[in-house]
1. Surrounded by 20 or more Cβ atoms within 10 Å (Cβ to Cβ), assigned to a helix (DSSP H, G or I) and either modelled with pLDDT of 95 or more or outside the structural domain of Leu420 (by TED's automatic domain parsing) (or both), is that true of Met210?
2. Against the condition out of contact with any Pro (no Cβ under 8 Å at 6 or more places or on another chain) and of a type in the set (A, V, I, L, M, F, W, C), how does Ile101 come out, does it pass?
3. Considering only residues that are under 18 Å from Ser511 (Cβ atoms) and touching a Ser or Thr at 6+ places or on another chain (Cβ under 7 Å), look in the stretch 563-596 and name the one that is modelled with the lowest pLDDT.
4. Of Lys625, Lys675, which residue is out of contact with any strand residue (DSSP E or B) (no Cβ under 6 Å at 6 or more places or on another chain) and not aliphatic (A, V, I, L, M)?
5. Those residues that are more than 14 Å from Met615 (Cβ to Cβ), at pLDDT below 85 and not in a helix (DSSP H, G or I), I need them from the stretch 685-718; list them, please.
6. Being surrounded by fewer than 17 Cβ atoms within 10 Å (Cβ to Cβ) and either touching a residue at least 12 places away in the same chain (Cβ under 8 Å) or part of a strand (DSSP E or B) (or both) is the filter here; which residues of the stretch 523-558 pass it?
7. Just checking, does the stretch 171-192 include any residue being among the acidic types (Asp, Glu) and touching a strand residue (DSSP E or B) at 6+ places or on another chain (Cβ under 6 Å)?
8. For the condition at pLDDT 95 or above and closer than 22 Å to Val514 by Cβ, what is the one hit in Trp389, Trp408?
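The values are calculated or read from the model by the stated rules, or taken from the named source; none is laboratory data. If you're wondering where the values come from, they're calculated on a predicted model, not measured in any experiment. All Cβ positions, even for glycine, are placed from backbone atoms using ideal geometry, and neighbour counts span all protein chains on display.
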Amino acid sequence: MVKSITEVGVEDLVKAGLDTEEAKAFLRVLNDSISCVESSDPREVWRRLVNQRVLKPSHPHGLHQLVYYSVYADWDVSKRGPPPYWFPSLYQSKRSNLGRIMEKHGPKFLGPSYKDPITSFSLFQKFSVQQPEAYWEIVLKEISVSFREAPKCILDRTDKSKPGGLWLPGSVLNIAECCLLPTAHPRKTDDGVAIVWRDEGFDDSNVNHMTLKEVREQVMLVANALDAMSSKGDAIAIDMPMTANAVIIYLAIVLSGRVVVSIADSFAAKEIATRLHVSKAKVIFTQDFILRGGRKFPLYSRVVEAGPFKAIVLPATGDNIGIQLRKQDLSWKDFLSSISHYSRSNYYSPIYQPIDSATNILFSSGTTGEPKAIPWTQLSPIRCAAESWAHTDLKAGEVYCWPTNLGWVMGPSILYGCFLTGATLALYHGSPLGHGFGKFVQDAGVTYLGTVPSLVKTWKSTECMKGLDWSKIKSFASTGEASNVDDDLWLSSKAYYKPVIEICGGTELASSYVTGSLLQPQAFGAFSTASMTTGFVILDEHGNPFADDEVCTGEVGLWPLYMGATDRLLNADHEEVYFKEMPLYKGMRLRRHGDMVKRSVGGYFYVQGRADDTMNLGGIKTSSKEIEHVCERADESVMETAAISVAPVDGGPEQLVIFVVLNKGYNNIQPDNLKTKFSKAIRSTLNPLFKVSYVKIVPEFPRTVTNKLMRRVLRDQMKRELLSSSVRSRI
């Protein structure tokens, strides 16, 4: 049983990690602070402790756990919802991006119902869904978007073949140019810092930086070099870590009227080849090696194995690459030297295109195992920046860091989020798993830090961030996986309990559909609202929507009018993937997203996994069939496999479980042996980041009358086993 906070004594504090004298001193401060709280409401007690900074980042995590869980010892989640740990202040809320426009426009749009940004946030969010044209007209003036030809309107709803609407029809621009030019609002100047970075292994050196003018000149240099070797409209791939050079290359491709093909640097050669073929890429930018955690990993050799595509190879360190190139390939130095005949190589005239022109092809795994090729238009970056502006409160003067890759949706998202709001993009050239990354966050003055839950779990378990000062951080963000409450408690405590904004969306949305908000109280591991202009309902098993305030669990259905979402796929039927057999709601065909969502008491949301058989492993969506195909070839004893993922009992990232039916005659096969073989095969064939957590040998699989494998039954069986095992371990 957890003691209430008033029952905590010196002995409890010693068990939590303090020595006796520290415990006595802390208990005096704790009791003094609690005694000043007039209300017995645990929310007010916790708010007081946080505001008074009674708990400090240097305190052992056990102490933070003890105080938090003791404050909320008598909190009834079933009646009150999850306990909040962060509360917005009215002063700060009015100075946030979203709060500022609510103060200005709220009375006009909401009338006498408008009170203030906190009280009226939910009303304003609903208004943005019902009248998105009004919302977007305001936001487009807040971010750095300038049109060569202005749009005829914000939204054209008349084209019934476009359920997502025609957004900004008739407009022409170059979104990369919008990133690179100085503007008065938002405040972007040529001498403002656009990118800061540090290379792994140089933890005690100064942080490198580039001004907006320097970035623009480098982008134009690369754009000119691209003109010397490829044509407008060509697809150009990037398969390298998200370095300052990778960002420059990305913007140069878009500025020059070409299309970026995003490939994660963790992919095996087969996966690289698939993406290059689907996108019809002409050239690929890559590195000779990847340096991470003090180790050197080959990258160029994987690109070579993928096929005879022309590669431009950058050195991981220094000025010269450390390998022999094929005849058709170029070093980065030789690539840039190809523009020597241009007299003005530091200038480039942007290629202006209609708003719906493709700028980036990203990939997301489908339930069939083939990656869906998702083209982003120039609307997608606008949505990315608007999300960062509204929900992360990103603006000029802020420093945004999110260890990710241009191959995943968060790479382009934070790139555009920073450049279109005037914020500084912070990049660490190395592994984010250790102290070096944390010191970079400290030294770069990062104000917004993005994470994935598995990364936070590593930081917490290794204690690698001890002694660092993250007090400049104003908020954290988390996406890709389900968060663990205790891990988020640890993370938030490192910056005196700043909020961890949970985000869930998709590559095809170029944004989130459910998120946390700086204008609402936040609970660990929970989402508090639909994102701005996003409407969704939760559907029961018959496709009927639950009431808006009903506690429930079901598949989410998105309202189709969604600025920035895809309206096409390169290698699949968009209508079939996202709209076929989805129910009508208020005369609209809902858009499929595939997530199972739970709405709790108090209106918080939890994403419960995929409605189909797509799994989320380490923040990467992949299909069961893709995993099964690899495992079934890993050992001759295997007749059939079924891959599922389950969340740990105490929450956190999904774990991969492989159920196996053996061929006849293989009676002595051990699950651990298969686990080793499956893991090796998956790492080499699919992704080195995937890990098999459990292997279960069963006589047969549950199936429907039409012989369809019932993975959900296996998933439920594994959940029961994990729960039972957890209960036994506590007895």
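1. Criteria not met by Met210.
2. yes
3. Across the stretch 563-596, the extreme among qualifying residues is Gly594.
4. Working: Lys675 fails: out of contact with any strand residue (DSSP E or B) (no Cβ under 6 Å at 6 or more places or on another chain).
The conditions single out Lys625.
5. Within the stretch 685-718, Pro688, Arg703, Thr704, Val705, Thr706, Asn707, Lys708, Leu709, Met710 meet the criteria.
6. Residues satisfying the conditions are Asp540, Glu541, Gly543, Asn544, Phe546, Asp549, Glu550, Val551, Cys552, Thr553.
7. Pass one, the stretch 171-192, residues among the acidic types (Asp, Glu): 177, 190-191.
Within this subset, residues satisfying the condition of being touching a strand residue (DSSP E or B) at 6+ places or on another chain (Cβ under 6 Å) are 191.
Yes: one or more hits.
8. Details: Trp408 fails: at pLDDT 95 or above.
Only one candidate qualifies: Trp389.
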